[in-house]
Amino acid sequence: MTVVALRPKAKTMADAAPKNVIDVNELSLVFQTNDGPVNALSNINLAVGGGEFVSFIGPSGCGKTTLLRVIADLEQPTSGSISVNGMTPSEARQKRAYGYVFQAAALYPWRTIAGNISLPLEVMGIPKAERKDRIARNLELVNLSGFEKKFPWQLSGGMQQRASIARALSFDPHLLLMDEPFGALDEIVRDHLNEELLKLWAKTQKTVVFVTHSIPEAVFLSTKIVVMSPRPGRIHEIIDCDLGPERTLDIRETPKFLEIAHRVREGLRHGHSYDAAHL
Amino acid sequence: MNFIRNSVVPVGTVLLVILVLWYAFAVILNAPFERDQAARAGTTISTSQLITNTMKQERPVLPAPHQVAEEIRKTVFDISPTSKRSLVYHGWVTLSSTLLGFALGTLLGILLAIAIVHSRTLDKSLMPWIITSQTVPILAIAPMIIVVLNAVNITGLLPKAMISTYLSFFPVAVGMVKGLRSPEIMHLDLMRTYNASKAQVFWKLRWPASMPYLFTSMKIAVAISLVGAIVGELPTGAVAGIGARLLAGSYYGQTVQIWAALIAAALMAAVLVSLIGLIANLVNRRMGVRT
């Protein structure tokens with residue numbers, strides 16, 4: 001309690017709660033726009049433990065992507081505190097603590113698939129022999145072996161996004177931040193990639209923070225679902241999703257899955273009606 | 001087969017139209033002189049005789065294409081390239097200053113673009129001057145450049161090349177500012193998540209992303225470099241080069257010589273632009289551009 005009251009610096013917080021990978025305390029972010037200030041995030045409190053799979057879900061404008069970008073040090077909060085691996089987001093970024101997967105694959109078109117996965121490794125100064133090794137290992141992890149020499153445009157959208165996941169994993173960060181990575185893909189490819197992502201998560205024991213606007217996707221993947229609502233962007237409800245580690249796509253027909261999905265839907269609706277009252 | 005349909009036929013058709021028009025105008029423009037000659041001699045001249053005569057005058061108003069072709073053939077192949085009457089000799093003089101000026105201009109343009117992209121202050125302060133520099137009439141500033149550089153003992157190839165540089169740095173600077181700023185936000189954010197240095201962002205993202213812009217602006221730059229080199233030869237009393245050839249031709253009314261020099265310059269520009277296109281294609285292939 002005192003720790004929170006003192007609004008401690010990242011370091012003391014790490015001592016107090018060493019288990020949490022991400023700790024967010026009373027965090028707010030106000031964008032100054034030409035139409036006046038916009039409350040993108042308001043009084044966010046959140047803890048993400050090691051090895052968890054946490055999804056942010058909510059309608060557009062609820063600040064889910066902004067919160068992810070704050071964790072990644074791509075946006076600066078206006079007030080409140082946040083720690084990543086017990087450090088400030090900026091320190092964590094400089095230590096290359098996380099891998100980030102964007103909405104689009106964002107592969108560099110002039111680099112081959114192998115070249116794209118090599119990019120972070122080159123930036124981080126990893127020697128060539130090891131780069132080669134890691135490229136092969138991570139391409140295998142996302143089932144893209146044999147596509148090393150292809151250029152991005154020669155691959156389907158789903159394969160491109162898999163390559164971008166391999167790129168994020170290539171330097172072996174413990175934290176994976178994913179911003180609607182499958183949002184642009186069709187349902188069938190999406191189901192398939194969701195299954196693969198779960199396997200990957202089980203295999204690598206990474207902590208994943210995942211932004212989505214799909215309820216089934218969130219329930220299927222997560223250990224914890226953060227339901228957010230817009231204007232101002234805030235956390236409406238945090239729902240535990242204890243479906244166990246062994247999940248196949250069939251789980252989506254089980255009563256438990258449907259019950260959690262229902263709770264998420266209710267949460268979203270409630271958050272939205274609140275919004276409608278404001279309008 | 002495709003090459004013939006897509007390139008040879010359309011280009012050939014236009015060339016044919018130009019040649020027909022050229023012959024027609026040669027006849028029309030050169031006919032008054034023939035009629036005067038006939039009137040002075042007190043004879044009349046038949047139409048067929050008139051047409052034949054208009055195409056073999058010594059100093060026609062507009063030389064016929066075959067006269068120009070013959071002049072080019074003679075001054076390129078018959079005369080030794082070391083002779084001052086050789087078009088190859090003059091062409092080489094202009095080409096060497098074009099290439100030097102173009103190389104310097106491209107380099108200057110790239111360096112300016114890099115500075116502008118990385119510094120807000122330079123963006124605000126340099127850009128207006130770069131644009132203003134191109135509004136100064138080159139014909140007025142060319143002799144000044146040569147006089148000033150002569151005063152500080154820079155003579156020979158460099159002063160002329162400077163005029164090409166002055167013209168060619170502009171499209172490269174403007175194109176490269178755009179090119180170096182062309183990466184998507186997401187691609188830049190990605191580099192930020194890797195904590196990449198400015199140099200790494202430049203070499204691994206901005207530079208490769210700017211390649212299409214570089215080659216497009218280089219094509220423009222090489223063509224105006226050639227114009228710059230010729231213009232540089234005109235007002236400065238140059239003794240050699242395509243510009244000197246044009247000037248000498250106009251002093252002595254050697255219209256055939258002028259046209260031969262003009263065509264030679266145009267061909268030279270076409271070859272230079274094609275060469276850059278060729279290099280661009282090679283680079284594109286290496287960078288996996290979809291064909």
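The values are calculated or read from the model by the stated rules, or taken from the named source; none is laboratory data. These figures come from a predicted structure and were not determined experimentally. Glycine also receives a Cβ, built like all others from the backbone with ideal geometry; neighbour counts cover every protein chain displayed.
Hand me the list of helices (runs of 4 or more DSSP H) wholly inside the range B:169-269 holding 3 or more residues that are touching a Phe, Trp or Tyr at 6+ places or on another chain (Cβ under 9 Å).
Per the criteria, B:185-193, B:207-233.
Suppose we filter A:Leu169, A:Leu176, A:Leu107 for residues that are farther than 27 Å from A:Met87 by Cα, in contact (Cβ under 8 Å) with a residue 60 or more places away in the chain and either under 24 Å from the mean Cα position of the chain (by Cα) or more than 14 Å from chain B (Cβ to nearest Cβ) (or both); which single one remains?
A:Leu107
Out of all the residues in the range A:115-146, which are surrounded by 19 or more Cβ atoms within 10 Å (Cβ to Cβ), more than 10 Å from chain B (Cβ to nearest Cβ) and hydrophobic (A, V, I, L, M, F, W, C)?
Those that are surrounded by 19 or more Cβ atoms within 10 Å (Cβ to Cβ), more than 10 Å from chain B (Cβ to nearest Cβ) and hydrophobic (A, V, I, L, M, F, W, C): A:Ile117, A:Ile135, A:Leu139, A:Leu141, A:Val142, A:Leu144.
Against the definition (within 13 Å of chain B (Cβ to nearest Cβ) and more than 22 Å from A:Glu180 (Cβ to Cβ)), how does A:Thr112 come out, yes or no?
yes
Can you find even one residue in the range A:167-174 that is within 30 Å of A:Asn20 (Cβ to Cβ) and surrounded by fewer than 15 Cβ atoms within 10 Å (Cβ to Cβ)?
yes
With the checklist (1) in contact (Cβ under 8 Å) with a residue 12 or more places away in the chain; (2) outside any loop (DSSP other than H, G, I, E, B); (3) closer than 20 Å to A:Lys203 by Cβ in hand, flag the one item A:Asn143 doesn't pass.
Here A:Asn143 clears every test but (2).
Taking the conditions exactly as written (in the same structural domain as B:Ile224 (by TED's automatic domain parsing) and surrounded by 13 or more Cβ atoms within 10 Å (Cβ to Cβ)), does B:Leu107 satisfy them or not?
yes
Could you please let me know if A:Thr212 is in the same structural domain as A:Pro77 (by TED's automatic domain parsing) and farther than 27 Å from A:Val70 by Cα?
no
Quick check on my filter: what residues within the range B:77-98 are surrounded by 15 or more Cβ atoms within 10 Å (Cβ to Cβ) and touching a residue at least 24 places away in the same chain (Cβ under 8 Å)?
Result: B:Leu87, B:Tyr89, B:His90, B:Gly91, B:Val93, B:Thr94, B:Leu95, B:Ser96, B:Ser97, B:Thr98.
State whether one or more residues within the range A:90-99 are over 25 Å from B:Arg285 (Cβ atoms), within 13 Å of chain B (Cβ to nearest Cβ) and hydroxyl-bearing (Ser, Thr, Tyr).
Yes, the conditions are met somewhere in the range A:90-99.
Any residue at all in the range A:147-160 that's of a type in the set (A, V, I, L, M, F, W, C) and within 10 Å of chain B (Cβ to nearest Cβ)?
There is at least one residue in the range A:147-160 that is of a type in the set (A, V, I, L, M, F, W, C) and within 10 Å of chain B (Cβ to nearest Cβ).
Does A:Leu197 satisfy being within 30 Å of A:Gly125 (Cα to Cα), free of Cβ contacts under 8 Å to residues at least 40 places away in the same chain and buried (at least 17 other Cβ atoms within 10 Å of the Cβ)?
Here the answer is yes, as A:Leu197 does meet what is asked.
When both residues are 6+ apart or on different chains and their Cβ atoms are under 8 Å apart, which pairs have a first residue that lies in the range B:37-63 and is in contact (Cβ under 8 Å) with a residue 60 or more places away in the chain and among the charged types (D, E, K, R), and a second that is in a loop (DSSP other than H, G, I, E, B) and surrounded by fewer than 15 Cβ atoms within 10 Å (Cβ to Cβ)?
B:Arg59/B:Gly253
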